[in-house]
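The values are calculated or read from the model by the stated rules, or taken from the named source; none is laboratory data. Keep in mind the model is a prediction, meaning the values are calculated, not measured. Methodologically, a virtual Cβ is constructed for each residue, glycine included, from the backbone with ideal geometry; neighbour enumeration extends over all protein chains shown.
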Amino acid sequence: MEDHTYCSAQEQAAESDSPSLKRRKLQEVKRNRDRRRQKTRVNIGVAFSRWRSLMREKCFQNDSELACFLLHSDEHVAAEAAEAPIIEQSLQDTSRVKEMADSVIDWAEDGSPLYEPKDGAEDDSSDDENLPSICIRTGGALQRAPSIDRLPVIGIDETVHDQPAYEDPPDEPRPPSQDAALPGPQQVLSEDALVGARASIVYEDCLRQLASFLVLPVEKCSGGVKTGETCDCVAPFEINIAYKGTATSVEWICPNGHSVWRWNSQPVMNFGMQAGDFLLSTNILLSGNNYAKVALLFNFMNMGMVSKNSFHSIQGSYCVDAIKEFWEERRTEAISRLRGKDVMVLADGRNDSPGHGAQYCSYITMENESKEVIHVATVEKRQTTWDSVVMEKEGFIETVDKLTSEIKLVEICTDANALIGSLMDPGGGRYKALGIHHSLDVWHGAKSLAKKIAVVSF
């Protein structure tokens with residue numbers, strides 16, 4: 001009789017080892033398959049959703065079929081391009097210019113915010129500051145988006161500095177009149193001819209009345225000289241009054257449509273800029289006014305107004321740098337007089353708009369005795385991670401850091417701002433080692449007390 005005890009033990013061991021062996025083999029096969037797949041893996045990033053959509057649209061079963069289709073299409077397009085006739089370079093340049101002419105730089109509709117608050121952090125600002133990104137939107141019959149990287153680079157020697165863009169085209173220089181009795185427009189050749197010149201408001205009816213009684217010192221029309229025509233029209237001529245910006249022009253026109261003479265109510269500067277437009281634009285800024293309010297005033301009075309584009313162009317081209325240079329000179333003189341003295345300053349901040357929607361804060365510091373402004377700090381909201389409440393604190397920090405490096409600051413007076421008070425805390429504030437005395441403005445305290453008394457009285 002055979003002994004099956006040993007055989008049974010071997011069979012049981014084989015059966016017990018079989019699942020683990022199979023599991024190891026399956027894991028090894030899976031690892032080998034993953035290695036092969038990893039070698040052919042391509043990361044397409046944000047194009048993954050478009051890839052899947054195209055694969056469903058073309059009814060492909062897997063990614064390799066779609067990849068082969070795209071490669072074949074690319075080779076086919078490249079072959080057709082090689083066989084196509086070469087277009088002249090001039091036509092290519094014209095096409096490139098046309099593409100850019102049909103393109104519009106606009107705000108992207110799906111722009112992401114420049115700052116996103118962290119999880120759990122409270123946003124003190126109630127306004128939305130999600131600034132969209134800038135994109136190029138093509139229009140017309142343009143089939144493909146323009147590639148900015150392939151555009152020719154313009155060197156510094158080819159750069160053209162345009163003149164300020166005005167909505168109203170400048171007056172074309174008129175040819176010298178054949179009759180010496182008809183002068184051309186007055187030119188502003190120096191600032192002395194413009195600064196201090198008297199100006200007034202003229203109504204159209206009064207101006208037309210004056211022009212109708214005026215007899216030009218010419219016997220017949222001379223407006224056809226510049227076109228080579230001969231015109232025998234004689235007075236009276238038709239009077240046409242036109243408006244351009246803040247100026248008014250009176251033009252005498254003969255029956256044949258020739259311009260006999262044109263008179264402008266303002267002298268003309270270089271590049272056709274009118275003196276009134278220039279002075280109004282600069283003085284709106286220098287007097288601390290606002291363009292929208294002044295334009296509304298002119299609209300109520302039915303007067304011509306310089307365009308908004310012209311205002312900003314004049315402001316950026318002529319005013320900003322001059323004001324900045326003048327401010328730096330005056331500030332340098334004031335700081336030089338205060339060196340070596342114990343200086344007490346008064347400081348306060350002002351936002352461009354009330355509430356949490358403020359975008360900018362100007363923190364102004366004034367010397368107590370002379371009442372001269374010795375520092376101005378401008379803080380933008382994005383410098384404080386889009387928190388408008390902290391802008392005044394940042395302006396105070398910039399002011400103290402700047403002034404302590406230039407003069408001996410012994411006392412600074414501000415309003416009762418809690419953030420500024422923590423910076424000047426003698427126990428643990430940021431500026432405790434400087435020994436600067438921090439005092440509160442009496443006016444702000446009196447105003448707060450008056451509000452509390454008014455509340456209690458009711």
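See the values below:
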{"item": "Index of the failed condition, GLU367 passing every other in (1) within 27 Å of ASN417 (Cα to Cα); (2) among the charged types (D, E, K, R); (3) at pLDDT 95 or above; (4) surrounded by fewer than 14 Cβ atoms within 10 Å (Cβ to Cβ)", "result": "(4)"}
{"item": "Those residues of the range 408-444 which are closer than 20 Å to ILE374 by Cα, more than 36 Å from the chain's Cα centre (by Cα) and β-branched (Val, Ile, Thr), in sequence order", "result": "VAL410, ILE436"}
{"item": "Search result, residues across the range 323-356 that are of a type in the set (Gly, Ala, Ser), surrounded by fewer than 12 Cβ atoms within 10 Å (Cβ to Cβ) and in a helix (DSSP H, G or I)", "result": "SER336, GLY355"}
{"item": "Residue count, the range 437-458 (criterion: within 19 Å of VAL410 (Cα to Cα) and of a type in the set (Ser, Thr, Tyr))", "result": "1"}
{"item": "Residue in the range 270-290 that is free of Cβ contacts under 8 Å to residues at least 24 places away in the same chain, in the same structural domain as ASP321 (by TED's automatic domain parsing) and on the phi > 0 side of the Ramachandran plot present", "result": "yes"}
{"item": "Any hit, the range 257-276, residues being loosely packed, with under 13 Cβ neighbours inside 10 Å, in a helix (DSSP H, G or I) and not polar (S, T, N, Q)", "result": "yes"}
{"item": "Criterion: out of contact with any Gly (no Cβ under 9 Å at 6 or more places or on another chain), within 26 Å of THR332 (Cβ to Cβ) and basic (Lys, Arg) - qualifying residue of LYS371, LYS381", "result": "LYS371"}
{"item": "Answer from GLU80, GLU2 - the residue that is surrounded by fewer than 10 Cβ atoms within 10 Å (Cβ to Cβ), at pLDDT below 50 and not aliphatic (A, V, I, L, M)", "result": "GLU2"}
{"item": "Candidate set from the range 384-407 (those that are of a type in the set (Val, Ile, Thr) and crowded, with 17+ Cβ neighbours inside 10 Å); member that is nearest to ASN368 (Cα to Cα)", "result": "ILE407"}
